[in-house]
C-alpha cells in the first residue's frame with residue numbers, strides 16, 4: 001500500500017465542495033508525503049479539477065479542511081497559498097497571452113522580487129539587482145527544458161507541447177515545495193508522454209518537489225505515479241498503487257473498461 | 001543568445017534617435033510658445049493635457065484590464081481641489097455670491113506646484129476609497145459602478161454649494177497651465193508610464209490583465225495590484241483635471257460628464273489599448289482633429305448650399321469613428337505594441353518583420 | 001400629506017415604475033443573451049418617442065397609427081443596430097462590445113441632435129389620453145392610469161411568449177448557455193435578433209407613453225431614464241425579466257416617494273439611483289431575483 005513518508009506534505013480531511021445542488025467533491029480525504037508523486041484520476045466531470053481548485057484556494061470548500069505542512073490553509077487566497085509553496089498548472093493552458101516566454105516565467109518570480117511599487121518603478125538599485133537575479137533564474141529554468149532560445153517569442157505562439165512545458169516551468173519559478181499538475185500530458189503523443197514522465201521525475205528529484213497530478217493518459221499515470229486516488233462523481237472510489245488500481249473492479253466499472 | 005548581442009548593438013542607435021527626436025520637440029515647443037497665436041497654442045497645449053488623461057486611462061483599461069468609466073469624476077476632483085487651493089481670497093469672495101465659502105477654505109491659497117500635487121493626492125485617495133469596494137466586481141459591473149461614481153461625484157459637487165459653489169462653478173482660475181508646465185507634466189507622466197511598464201509591477205499589471213486567475217496562482221495579490229493601479233490612475237487623472245482647469249480657467253460640474261470620459265476613451269481605443277506611444281500619438285491627433293472638425297458644427301458655406309450650422313455633426317463623426325475602429329480594427333493604431341524606429345523604417349522598406357520594443 | 005395627495009403620488013409612482021419596467025426589460029433580456037450592457041437602449045427609447053411624434057405631426061397620422069409605425073420601425077432599428085454594431089464583436093473580449101455600445105449611444109444622441117434638432121419639442125398628446133379623471137377629491141390624467149394597465153397586459157403577453165412558446169424556450173436556452181444552444185440547432189442569430197426586436201419594441205412603447213405623460217422631447221431624454229433603468233434591471237437581478245419589472249417599479253417608487261417626502265433632497269435625486277446601484281452591487285451583485293453565475297476554471 002502507500003508509504004507514509006516521514007513528512008506529510010498535503011492532507012485534506014472531509015473536503016466537500018457543493019455548487020448549489022451539485023456536490024462536485026464529496027468527503028475527499030487525501031494524504032501526500034514528501035517527494036511522492038501521487039495521481040488523481042477519474043472519468044470526466046468527476047471533480048478532479050474542482051479538488052485542485054479548492055486545494056489551491058480558488059474555491060472555499062463547503063466543508064472540510066486542507067492542510068499543508070501542518071498548517072491549515074483552508075480558505076486562504078490563492079496567492080497566499082502559492083507563497084506558502086504550492087504551485088499549479090491548468091487544464092486549459094493559461095499562459096499570459098500578450099507576453100513573451102521569458103515574461104511569463106518572470107511573472108512567477110514576482111514574489112521573490114519583493115520590491116515596493118515605488119522602488120520598482122524608479123528602478124532603484126535594490127530592485128534592479130533582484131530583477132536581474134530573477135531574469136537569470138528564469139533563463140536557467142528555460143534552458144533546462146530547452147526553451148531558452150525562444151525566450152522572446154510570444155508565449156502563445158509556441159507549439160502546444162512546448163506551451164505545456166512552459167506552463168510547468170512557470171509554476172516552477174515560484175519556487176514551490178509542491179506542484180499540482182492538471183492534465184500535463186493532454187494532447188501529447190506517446191513519445192511526448194514518455195518524455196513528460198521523465199521530466200516529471202527529473203524535476204521532482206532536482207527541485208526536491210512533491211507532485212500531485214491529474215491525468216487521463218493511463219500510460220503516464222501508471223508509469224509515473226507511485227499512488228493514486230480515483231474519483232467518480234466527486235466520491236473517492238479507490239486509492240492505492242497502480243497495480244491494485246488497475247485490478248479494482250469499481251475503477252474498471254467507472255471507466256466502463258476504458259484503459 | 002545571438003539575438004541579445006544583436007540587440008545590444010542596435011540599442012545605442014535607437015537611443016540616439018529617441019534623444020534627437022526629444023530635443024527637436026523641445027525646440028519646437030519653445031518656438032511654438034513664441035510664435036503660435038493664442039488659439040493654436042491652446043490646442044497645442046491641450047494635446048499635452050490629453051496625453052496625461054489618455055495615459056492615465058490606458059494604465060487602468062489597457063494595462064490592467066479594468067474597464068472604468070468614472071474618469072470624468074476624478075478629473076473634477078482634481079480640478080476643483082487645485083482650483084480651491086490656488087484661488088486668492090478675493091477671487092473666492094467674488095465667486096461665492098450665493099453662499100459663502102466654508103471658512104477653512106476661505107483663506108487657503110498656495111502656489112501651483114503644491115496645489116496640483118495635493119489635487120492628485122486627493123484624487124488618488126478618492127480612487128482608493130472607491131476602488132477598494134468596487135474592484136471586486138466583474139468587467140461590465142465595474143464599468144457601470146465606476147460610471148455611477150463619476151455621476152455621484154458630479155452630483156455632490158453640484159450640491160455642495162459652500163465648498164464648490166455648486167452649479168455656478170468657479171471662474172477666474174489663475175492660468176497656471178503654461179506651455180512649459182503642461183508639456184513637462186506630459187513628459188513626466190509618459191516617462192513614469194514607460195518606467196512602470198518595464199518594471200516587475202508593470203508585468204504584474206499585464207499578467208492581471210491577461211489572465212487574472214493564472215496571475216493569482218503565480219503568487220500575485222491580484223486585488224492589491226488592482227487597487228494600486230486604480231489609485232495611481234486616479235492620481236494622474238486628478239492632475240490632468242487640474243491642468244485642464246487651469247487652462248480653461250473656468251470649471252463647473254457640467255464640464256465633467258460622461259461625454260468627457262468618452263472622449264478620452266476614444267483616444268485610448270484609437271491609439272491602441274495597451275500602447276503608451278499609441279496613446280501619445282492618438283491624444284495629439286484627436287485633440288487636433290477635434291478642433292479642426294469644429295467647423296462641422298459651424299454654419300458652412302458649401303458651394304451649392306449654405307447650412308446654418310449642423311451642431312452634433314462633430315460628435316457623429318467621432319462616435320462613428322470609435323465604432324468603426326472597434327469593429328474593424330479593435331487593436332487601434334498601435335495595438336499593444338510600442339513605437340520603435342524600426343517601425344518607421346519598415347514603412348519605407350518593403351514590409352518585413354514589424355518590430356516593437358519588447359518590455 | 002393628505003390621503004388624496006398620497007394616492008396621486010402612488011399612481012404616479014406606478015406609472016413611472018411601469019415605464020421604467022418596460023425599459024428595464026429590454027436591458028435585462030439583451031444582457032441575459034449577450035452579456036452586453038446595451039448603452040444605446042435609452043436612445044432607442046428616445047427614438048421611439050421621436051418617430052411617433054413625427055408620425056403625428058408631419059405625417060398627420062392618428063396617434064394610435066403613429067404608435068404602431070413607431071414601434072415597428074424602432075424594433076427593426078434595434079435589430080439593425082445589433083447586426084451592425086454588436087454581431088461582429090460577438091467573439092471579441094467583452095470590453096470591445098461595450099465600447100461599441102457606448103459609441104452607438106453617442107452616435108444616436110448626436111444624430112438626434114443633428115436630425116431632430118437640439119431644442120425640446122412639445123408633444124401633441126391625444127385628447128383621449130390627456131383627459132382628467134376625478135375620483136372624489138383626487139384628479140388624475142388618463143394616461144397615468146393607462147400606463148400601468150397597459151404595461152401589465154404587455155407583461156402577461158411577454159411572460160407567455162418566454163415560457164410557453166418555442167421561441168421563448170430558445171431564448172432561455174441561449175441566455176443559459178449560448179454554445180449549448182447552438183449545438184441544439186438553435187438559430188442563435190435569429191433569437192438574438194428577436195430579443196433585440198422585442199426589447200426595442202418595449203423601449204419604444206415606453207418612450208411614446210413617456211412622451212404622453214411628460215410631453216417634451218429632447219435628444220438626450222433617453223440618457224437618464226436609460227441609466228436608471230439599467231440600474232433597475234441590475235437591482236432586480238440582471239437576466240431575469242421578473243427582476244427587471246421589480247427593479248423598475250422599485251426605482252419608480254423610490255424616486256417619486258423620496259421627492260414627495262423629502263423635497264429638499266430633490267437635487268440629489270439622480271444620485272440616489274447610483275448609490276442604490278452600488279449598494280446592491282456590493283451586497284448582492286446578482287440582484288434581488290438574480291441567479292448566481294460561477295465561472296469554470
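I need the semi-axes of the equivalent ellipsoid of the range A:95-175: take the C-alpha gyration tensor, multiply each eigenvalue by 5, square-root it, list largest first in whole angstrom.
24, 12, 10
Normalise the Cα radius of gyration of the range A:131-259 by 2.2 N^0.38 Å (N = residues in it) and let me know the number.
Computed over Cα atoms of the range A:131-259, the ratio equals 1.20.
So how far apart, in nm, are the two label points at residue A:218 and residue A:97 if each is 7 Å from Cα heading toward Cβ?
3.7 nm
Using the C-alpha gyration tensor of the protein assembly as shown, what are the square roots of 5 times its eigenvalues, in whole angstrom, with the largest one first?
51, 39, 26
Given a cut-off of under 8 Å on Cα pairs at least six residues apart, what relative contact order in percent is computed for chain C?
Across chain C, relative contact order equals 36 percent.
Would you mind giving the average projected area, over all directions, of the Cα convex hull of the range C:26-222 in nm² with one decimal?
12.3 nm²
Provide the packing ranking of A:94-104, B:234-244, i.e. peptides ordered by the mean count of other C-beta atoms within 10 Å per residue, highest first.
Ranking the peptides A:94-104, B:234-244 by packing returns B:234-244, A:94-104.
Please arrange C:86, B:328, A:152 by how many other C-beta atoms lie within 10 Å of their C-beta, fewest to most.
Neighbour counts put them in this order, fewest first: B:328, A:152, C:86.
Taking just the alpha carbons, could you work out the radius of gyration and Dmax for the range B:11-74, both in angstroms?
Over the range B:11-74's Cα set, Rg and Dmax evaluate to 16.3, 43 Å.
Cα gyration tensor of the range B:36-348, axes a ≥ b ≥ c as square roots of the eigenvalues: rounded (a/c below 1.5), prolate (a/b > b/c) or oblate?
The shape class here is oblate.
Ignore the peptide's own chain and count Cβ atoms of other chains within 10 Å of each Cβ in B:322-331; give me the average, rounded.
What the average comes to for B:322-331 is 6.
Given the convex hull over the Cα atoms of chain A, what projected area results after averaging over all orientations, in nm²?
Result: a mean projected hull area of 14.7 nm².
Can you compute the radius of gyration and Dmax for the range B:1-154, using only the Cα atoms, both in Å?
21.5, 72
Under a GNM of chain C (C-alpha, springs under 10 Å), which listed residue has the highest mean-square fluctuation: C:195, C:264, C:28?
Per the Cα network of chain C with a 10 Å cutoff, C:264 tops the list.
Among C:43, C:177, C:270, which one shows the highest mean-square fluctuation when chain C is modelled as a Gaussian network with alpha-carbon springs under 10 Å?
Answer for the Gaussian network model of chain C: C:177.
The range A:176-231: D in µm²/s via Stokes-Einstein (Kirkwood Rh, Cα pairs, 4 °C, 1.567 mPa s)?
112 µm²/s
Roughly what % of Cα-Cα distances in the range A:40-188 sit above 22 Å, to the whole percent?
Value for the range A:40-188: 47 percent of Cα pairs lie more than 22 Å apart.
Partner chain Cβ atoms within 10 Å, averaged over the residues of B:261-272 - can you pull that number for me?
2
Ignore the peptide's own chain and count Cβ atoms of other chains within 10 Å of each Cβ in B:121-132; give me the average, rounded.
0
Go ahead and set up a Gaussian network model of chain C, Cα springs under 10 Å, then flag whichever of C:213, C:166, C:190 fluctuates most.
Sorting by GNM fluctuation, first place goes to C:166.
Inverting the mean 1/r over all pairs of different Cα atoms, compute the Kirkwood radius of the range C:158-216 and quote it in Å.
When all Cα pairs of the range C:158-216 are included, the Kirkwood radius is 12.7 Å.
Each reported figure results from applying straightforward, stated rules to the coordinates on display, with no laboratory input. This one's a predicted model, so the numbers in the text were calculated from it and none came from an experiment. Because the Cβ atoms are built from the backbone with ideal geometry, glycine has one as well, and the counts that use them run over all protein chains shown.
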